[in-house]
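Below you'll find the structure, written out as structure tokens, and then a few comments.
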Amino acid sequence: MSYQPNVISFERPVKSLGKVDWRGGVILRSTNWLGDLLMTLPATWQLKKALPVDVPLWVASPAGLAPLWQAASWVDGVIPFTGKRLDEAARVEVRRQDFGLGIVLPNSFGSAMDFWRCGIPRRLGRCGNLRGLLLTDRIPQWRAHEGEGAWHQLSWYLELMRPVGAVECSAECPKLDVDDALAAEHGIVKGAGWVALAPGAAYGPAKQWPEMNYAVVAREVLKRGGKVVLVGTEKEGSLTSMIAQEAPGALDLAGKTKLPALMSVLANVDAVVANDSGSMHLAAAVGTPGVGIFASTDPIATGPLGAPWELEVADVDCRPCLQRICPWAGSRQYQCMRCLTPERILASLWKVGKK
């Protein structure tokens, strides 16, 4: 199916921040996972538009994800940190910048504590998990799985920005800036018939379409004169190497591209086939269309934002279960994945190629 995100505007009232002493600007505490981060981007774009023009927007981000925020043209500065919490160097830099407002995107207690420890005078976030004790400005708690099957997760992040000012209920967002030369180093240029396959998913095997199915797709693309590049993390190298062995001629870059290079590769292929994963969201964010494979998860809640995508969704009565590992045994185990045949995915891929 052709995918359009359903982003809603919550009718419940949200208290305005009122007059704010912006000081050195606004800083966001980034989410910790690639896919979640990419689903926050349109909300951060709306925040930037709602701020006074002379107020800079910064982000405190896990170091591994910092290049993505640096590729967002509306972000004025990025403070990376190592580990799960802001380290001492990051806290020193946050204090030095003297931000007037901090907005906490994750729902954990520790992420709210990060900004509380930095002494930011105004701290906006959601209630829950005792976080309200660390926040000066609060909106209702994000209840797990609420809205799945009805609206996109982005809606929650847009609501979080409403106390700052006028926020449009929209999934629109500028594309991320990428360095095309990084993809060209691997011979990948736009319009050359490249298709990227992303067979991994950090969440677990319930999101992973079988690697042999990816191999079938790869062979068919190569047979038709296209080119195939396999992408993923170093941990996913065993998946991609198996696919590459079954599809001679495919380029295996799993574990060989840091985030800026991966962004460049995904921006310069003509289409992507991916599980519901960070790679799917990243490809859409850099403007590349593709085919998303959804079995255990909910495409309405976590579909890709940015470029147009076709989604193949399993038609079984037990989904979306949202489990990491299929709870069934025997013939029912992973039937959601088995019903999504390579022929279905290829049909959607050819459809993407004609747009």
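Six or more apart or on different chains, Cβ under 6 Å: which pairs go from a residue in region 47-76 that's over 21 Å from A171 (Cα atoms) and open to solvent by 30 Å² or more (accessible area, probe 1.4 Å) to one that's modelled with pLDDT of 95 or more and among the charged types (D, E, K, R)? Could you list them?
Final answer for the pair search is P56/D76.
Collect the residues in region 289-308 that are buried (at least 24 other Cβ atoms within 10 Å of the Cβ), in contact with a helix residue (DSSP H, G or I) (Cβ under 8 Å, 6 or more places away or on another chain) and more than 16 Å from V7 (Cα to Cα), keeping them in residue-number order.
Once the filter is applied, which keeps residues that are buried (at least 24 other Cβ atoms within 10 Å of the Cβ), in contact with a helix residue (DSSP H, G or I) (Cβ under 8 Å, 6 or more places away or on another chain) and more than 16 Å from V7 (Cα to Cα), region 289-308 yields G290, V291, G292, I293, A295, S296, T297.
So, restricting to strands (runs of 3 or more DSSP E) that lie completely within region 1-92, which ones have at least 1 residues that are basic (K, R), over 30 Å from W350 (Cβ atoms) and modelled with pLDDT of 95 or more?
Of the strands (runs of 3 or more DSSP E) lying wholly inside region 1-92, those with at least 1 residues that are basic (K, R), over 30 Å from W350 (Cβ atoms) and modelled with pLDDT of 95 or more span 26-29.
If a residue must be in contact with a strand residue (DSSP E or B) (Cβ under 8 Å, 6 or more places away or on another chain), charged (D, E, K, R) and open to solvent by 50 Å² or more (accessible area, probe 1.4 Å), how many such residues does region 116-131 contain?
The total comes to 1.
From the list N268, N275, exactly one residue is touching a Lys or Arg at 6+ places or on another chain (Cβ under 6 Å), of a type outside the set (A, V, I, L, M), over 24 Å from L154 (Cα atoms) and in contact (Cβ under 8 Å) with a residue 12 or more places away in the chain. Which is it?
On inspection, the qualifying residue turns out to be N268.
Take the residues in region 142-164 that are open to solvent by 20 Å² or more (accessible area, probe 1.4 Å) and at pLDDT 95 or above, then tell me which one is nearest to D276 (Cα to Cα).
Applying the first criterion (open to solvent by 20 Å² or more (accessible area, probe 1.4 Å)) to region 142-164 yields 142-146, 148-151, 153, 162, 164.
Among the residues that remain, those that are also at pLDDT 95 or above are: 162, 164.
Numbers: R162: 28, V164: 31 Å.
Result: R162.
On the basis of being of a type in the set (G, A, S), open to solvent by less than 10 Å² (accessible area, probe 1.4 Å) and out of contact with any helix residue (DSSP H, G or I) (no Cβ under 6 Å at 6 or more places or on another chain), does A90 make the cut?
Here the answer is yes, as A90 does meet what is asked.
Of everything in region 235-248, what is open to solvent by less than 30 Å² (accessible area, probe 1.4 Å) and not in a helix (DSSP H, G or I)? Give them in sequence order.
Listed by number, the list holds a single entry, A247.
So is G232 open to solvent by less than 60 Å² (accessible area, probe 1.4 Å), in a helix (DSSP H, G or I), modelled with pLDDT under 95 and out of contact with any Asp or Glu (no Cβ under 7 Å at 6 or more places or on another chain) or not?
Taking the combined requirement at face value, the residue does not satisfy it.
Residues in region 128-141 that are at pLDDT below 90 and either of a type in the set (S, T, N, Q) or farther than 23 Å from G18 by Cβ (or both): how many?
4
Spot the failing condition for T40; the list is (1) under 30 Å from L340 (Cβ atoms); (2) open to solvent by less than 50 Å² (accessible area, probe 1.4 Å); (3) without any contact (Cβ under 8 Å) to a residue 12 or more places away in the chain, and only one is missed.
Against the list (1) under 30 Å from L340 (Cβ atoms); (2) open to solvent by less than 50 Å² (accessible area, probe 1.4 Å); (3) without any contact (Cβ under 8 Å) to a residue 12 or more places away in the chain, T40 comes up short only on (3).
The values are calculated or read from the model by the stated rules, or taken from the named source; none is laboratory data. No experiment lies behind these values; they were computed from the predicted model shown. Every residue, glycine as well, gets a Cβ built from its backbone with ideal geometry; the counts of neighbours run over all protein chains shown. Please note that ligands, DNA and RNA were not included when accessible areas were found on the heavy atoms of the full protein model with its side chains. Shrake-Rupley method; radii C 1.70, N 1.55, O 1.52, S 1.80 Å.
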